[in-house]
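Peer 1: Dropping a structure here in structure tokens format, bear with me for questions.
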Amino acid sequence: MIIDVFDFYSDLMNEDHILIAGTTGSGKSVIINGFIKTAMLVDSSARFYLIDPQKVELVEYNKYAATAGYADTPKKAVTLLKQASQLMDNRYEIMRREGLSITNACNIFIVIDGLAILIENARKQLEPLLTRISQRGRAAKIHLVMTTHSPTSDFLPPAVRENLSCRIALRYTTAIESRNIIDQKGAETLPKYGECYKLNSEGLQRMVVPLFEPPKELFR
């Protein structure tokens, strides 16, 4: 039932920025799809910037009005992140001018499926943009939601990592990879798929990853 899985994904919507990491086939796509569909149902005003270098998981959402931008190459990703950064600056200017928080602005979710691919191909251009958004996006209601199979500093810039309020570790093969995500071993003991460790301000939790399948008529 939908109600049984809402808590897992709707709780993620309250995080500033999210990283979902795991080996190929461990369930990253389950979480990313569950998150997007939940956000579209729960927050009808939310808008999505989708970055999809693998051209697999996010392309289906490009047809929805909630998708404000879609990029499937590193070059397009740079352009999209520049737009998001400019939007962030505009919102900060409004806050400075009016002395208020952006309470009425819509949430912007920047969803990146395959961070390592982007960093490998355009690190020089992307790293400063991701760092800036990870540092300043929260107050402007702009949030990063990213997946990666490579959690090392080569593919996950340390300046970005330290600003991720929520990190989800799916199955990894070694304790070293687990520590790169949740700062301790454990992900190497998870089953191939279906469970994860979530690390946020409340601490570390081992959780079941629910499959979210909303009524098809809601996503025609």
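Peer 1: Got at least one residue in region 154-171 being of a type in the set (D, E, K, R) and in contact with a Gly (Cβ under 9 Å, 6 or more places away or on another chain)?
Peer 2: Checked against the condition, which is being of a type in the set (D, E, K, R) and in contact with a Gly (Cβ under 9 Å, 6 or more places away or on another chain), region 154-171 yields at least one hit.
Peer 1: Within region 38-50, can you find the residues that are of a type in the set (S, T, N, Q) and open to solvent by 70 Å² or more (accessible area, probe 1.4 Å)? Write out each step before concluding.
Peer 2: So the first thing to find is which residues in region 38-50 are of a type in the set (S, T, N, Q), and the list is 38, 44-45.
Hit for region 38-50 is 44, nothing else.
Peer 1: Looking at this structure, is residue 82 open to solvent by 80 Å² or more (accessible area, probe 1.4 Å), out of contact with any Gly (no Cβ under 6 Å at 6 or more places or on another chain) and under 20 Å from residue 29 (Cβ atoms)?
Peer 2: Spelling it out, it is not the case that residue 82 is open to solvent by 80 Å² or more (accessible area, probe 1.4 Å), out of contact with any Gly (no Cβ under 6 Å at 6 or more places or on another chain) and under 20 Å from residue 29 (Cβ atoms).
Peer 1: Take region 51-76 and flag every residue that is open to solvent by less than 60 Å² (accessible area, probe 1.4 Å) and touching a Gly at 6+ places or on another chain (Cβ under 7 Å).
Peer 2: 53, the sole residue that qualifies.
Peer 1: Something else now. Can you report the number of residues in region 150-204 which are modelled with pLDDT of 90 or more, open to solvent by 60 Å² or more (accessible area, probe 1.4 Å) and among the polar types (S, T, N, Q)?
Peer 2: Adding up the residues that qualify gives 3.
Peer 1: Scan region 41-62 and report the pairs whose first residue is farther than 15 Å from residue 116 by Cα and whose second residue is of a type in the set (S, T, N, Q) and assigned to a loop (DSSP other than H, G, I, E, B), with Cβ atoms within less than 7 Å and a gap of 6+ or a chain change.
Peer 2: Correct list of pairs: 43/107; 46/107.
The values are calculated or read from the model by the stated rules, or taken from the named source; none is laboratory data. Small disclaimer: the values here were computed from a predicted structure and weren't measured. Don't worry about glycine lacking a Cβ; one is built from the backbone with ideal geometry, like all the others, and counts go over all protein chains shown. With ligands, DNA and RNA removed, areas are computed over all heavy atoms of the protein, side chains included. Shrake-Rupley method; radii C 1.70, N 1.55, O 1.52, S 1.80 Å.
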